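Shown next, in structure tokens, is the structure this report addresses.
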Amino acid sequence: MAKIKHSVATRRRKKRVLKSAKGFWGDRSKQFQQARRALMHALVYAYRDRKAKKREFRRLWVSRINAACREHGITYSRFMSGLKKSKVALDRKILAELAVKDTHAFKKLTDIAKG
């Protein structure tokens, strides 16, 4: 029986890893083992930080809304509670956008939340 050689599969796997590690610093982009380790870490960080990014943006939106609310004499929690009671269904991203770009509309929302 003929001996099975893995050279084609091995080369393909190594090329795929090295291509993904392109742009890494030093041996991490040139040596297969270093590249594989660096790539594994990079993929872990990418997965983790996709989740963290969502949290960071929500924190940013909340702080922007809070700052704008306090300018109009209401706290963030009372503002959000007032909007929910008034059945105003706007998410924090939109509210933060209004707080920054359209202060007149945001003022109306704070009046609705107060009233």
Cβ density ranking, 10 Å radius, fewest first, applied to Val17, Val44, Val100 yields Val44, Val100, Val17
Kirkwood hydrodynamic radius of segment 10-114, Cα pairs, Å: 16.9
Taking the Cβ-Cβ separation of Asp49 and Val17 as r and a Förster radius of 35 Å, what is the calculated FRET efficiency to the nearest 0.05? 0.95
Taking the chain as a Gaussian network, Cα atoms linked when under 10 Å apart, which of Phe79, Phe32, Phe57 shows the biggest mean-square fluctuation? Phe32
Express the C-alpha Rg of segment 42-96 as a ratio against the empirical globular expectation 2.2 N^0.38 Å, rounded to two decimals. 1.44
Dipole of the chain, Cα-centred, from +1 at each Lys and Arg C-beta and -1 at each Asp and Glu C-beta, to the nearest 20 debye? 1120
At R0 = 22 Å the Cβ-Cβ FRET efficiency linking Arg70 and Ile94, nearest 0.05, sits at 0.70
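Calculate the FRET efficiency for Lys101 and Gln31 from the Cβ-Cβ distance with a Förster distance of 41 Å, rounded to the nearest 0.05.
0.25
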Would you work out which of Met80, Ala38, Leu90 lies farthest towards the positive end of the dipole of segment 10-114, given +1 charges on the beta-carbon of Lys and Arg and -1 on that of Asp and Glu, about the Cα centre? Ala38
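I need to check one value: relative contact order of segment 10-114, counting alpha carbon pairs closer than 8 Å and at least 6 residues apart, in percent. Write down the numbers at each step before the final one.
Details: 77 pairs, mean separation 21.6, N = 105.
Once divided by the residue count of segment 10-114, the mean separation gives 21 percent.
Every read-out reported here was derived from the displayed coordinates using simple, explicitly stated rules and does not represent laboratory data. Quick caveat: nothing in here was measured; it's all calculated off a predicted structure. Note: ideal-geometry Cβ built from the backbone for every residue, glycine included; neighbour counts use all protein chains shown.
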